[in-house]
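For reference, the structure discussed in these notes is given below.
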Amino acid sequence: MNEESMSTTLLALERAELTLNSDAGPVDILRGIDLAVDAGETLGIVGPSGSGKTSLLMIIAGLERVTGGSIAMDGISYDGMNEDALARLRGENIGIVFQDFHLIPNMTALENVALPLELAGIDDAFDRARAALDEVGLQHRHVHYPGQLSGGEQQRVALARALGPAPKLILADEPTGNLDGETGDRIMELIFDVHARKGTTLILVTHEERLAARCGRRVVMADGRITRDERAPLAAD
């Protein structure tokens, strides 16, 4: 059986829309997004600023609610979920890495990674946090505070936090945007390595075409719509 026939849909968006109110009136952010993402897939999303890339990640994460259409993970619709249910779905299934690290400054690296696991009621939160930090090469930084870490190390902590719950899906929103080129490359190597070893589904928003090209699939957005959806050619056996 080939890989394509074994694939299963992890994420499905149908005519998904997001309209937000502003002083000037309603603003259409996402305009009828149809997107199906298979388990284990790598998807790069590119497009100009304001095209809706980050907003697409926000509705996938359940941090913004669609105002039209539908979204489902593993066949479970987000429709009708209250905020607690969405938070549980997110905590159990989705790891998010932002451009900004969003670390709590008065907590150590270990505490930053363990906190969301504790809030999710996971008994071995600190053991998982230690393992996640070790996985991203921060074995000797467990007790350091964000202010004592370099930008690359802070992003590694953020990645460890995303990996802690062993999520099915990683959402990475310009994860190298605040890093120099060499450090950013190391972070991306870590992210793609996690995907390769664990089969985690990866959706990457990036302005760098070379990073999007590393994904098995590339989506181009403009004006809140998907204008192109193309898959990388299969490698020869």
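The values are calculated or read from the model by the stated rules, or taken from the named source; none is laboratory data. A quick note: this is a predicted structure, and the numbers were derived from the prediction, not measured. FYI the Cβ positions are ideal-geometry reconstructions off the backbone, even for glycines, and counts take in every protein chain you see.
Across region 110-138, the number of residues qualifying as buried (at least 16 other Cβ atoms within 10 Å of the Cβ) and part of a helix (DSSP H, G or I) comes to 16.
Filtering region 144-170 to residues that are assigned to a loop (DSSP other than H, G, I, E, B) and of a type in the set (Lys, Arg) leaves only Lys168. Quick one: is Arg218 modelled with pLDDT of 95 or more, loosely packed, with under 15 Cβ neighbours inside 10 Å and more than 23 Å from Thr183 (Cβ to Cβ)? It is false that Arg218 is modelled with pLDDT of 95 or more, loosely packed, with under 15 Cβ neighbours inside 10 Å and more than 23 Å from Thr183 (Cβ to Cβ). Only one entry of Gly177, Gly164, Gly181 meets the criterion of being touching a helix residue (DSSP H, G or I) at 6+ places or on another chain (Cβ under 6 Å), modelled with pLDDT under 95 and farther than 19 Å from Leu11 by Cα, and that entry is Gly164. Whenever a residue of region 189-205 is within 18 Å of Asn93 (Cβ to Cβ), its partners that are assigned to a loop (DSSP other than H, G, I, E, B) and of a type in the set (A, V, I, L, M, F, W, C), lying with C-beta atoms within less than 6 angstrom and at least six residues away or across chains, give the pairs Thr201/Ala39.
Name the single residue, out of those in region 171-187 being outside any loop (DSSP other than H, G, I, E, B), surrounded by fewer than 20 Cβ atoms within 10 Å (Cβ to Cβ) and in contact (Cβ under 8 Å) with a residue 12 or more places away in the chain, that is farthest from the chain's Cα centre (by Cα). Across region 171-187, the extreme among qualifying residues is Thr183.
Could you tell me which residue of region 154-170 is surrounded by the fewest Cβ atoms within 10 Å (Cβ to Cβ), considering only residues that are on the phi < 0 side of the Ramachandran plot and without any contact (Cβ under 8 Å) to a residue 60 or more places away in the chain? It comes out as Gln154. Being assigned to a helix (DSSP H, G or I), farther than 19 Å from Leu13 by Cβ and out of contact with any strand residue (DSSP E or B) (no Cβ under 6 Å at 6 or more places or on another chain) holds for only one residue in Arg214, Arg141, Arg210, and it is Arg210. I'm told Ala61 meets every condition in (1) touching a strand residue (DSSP E or B) at 6+ places or on another chain (Cβ under 9 Å); (2) aliphatic (A, V, I, L, M); (3) modelled with pLDDT under 95 except one. Can you identify the failing condition by its number? Going through the list (1) touching a strand residue (DSSP E or B) at 6+ places or on another chain (Cβ under 9 Å); (2) aliphatic (A, V, I, L, M); (3) modelled with pLDDT under 95, Ala61 breaks only (3). Collect the residues in region 169-200 that are of a type outside the set (Val, Ile, Thr), touching a strand residue (DSSP E or B) at 6+ places or on another chain (Cβ under 6 Å) and more than 18 Å from Lys53 (Cβ to Cβ), keeping them in residue-number order. Hit for region 169-200 is His195, nothing else. For region 21-28, check the following and say yes or no: at least one residue is buried (at least 17 other Cβ atoms within 10 Å of the Cβ), in contact with an Asp or Glu (Cβ under 8 Å, 6 or more places away or on another chain) and not in a helix (DSSP H, G or I). Checked against the condition, which is being buried (at least 17 other Cβ atoms within 10 Å of the Cβ), in contact with an Asp or Glu (Cβ under 8 Å, 6 or more places away or on another chain) and not in a helix (DSSP H, G or I), region 21-28 yields no hits at all. Listed by first and then second residue, the pairs linking a residue in region 51-78 that is under 17 Å from Asp223 (Cβ atoms) to a residue that is hydroxyl-bearing (Ser, Thr, Tyr) and part of a strand (DSSP E or B), with Cβ atoms under 7 Å apart and 6 or more places separating them unless they lie on different chains, are Thr67/Thr19.
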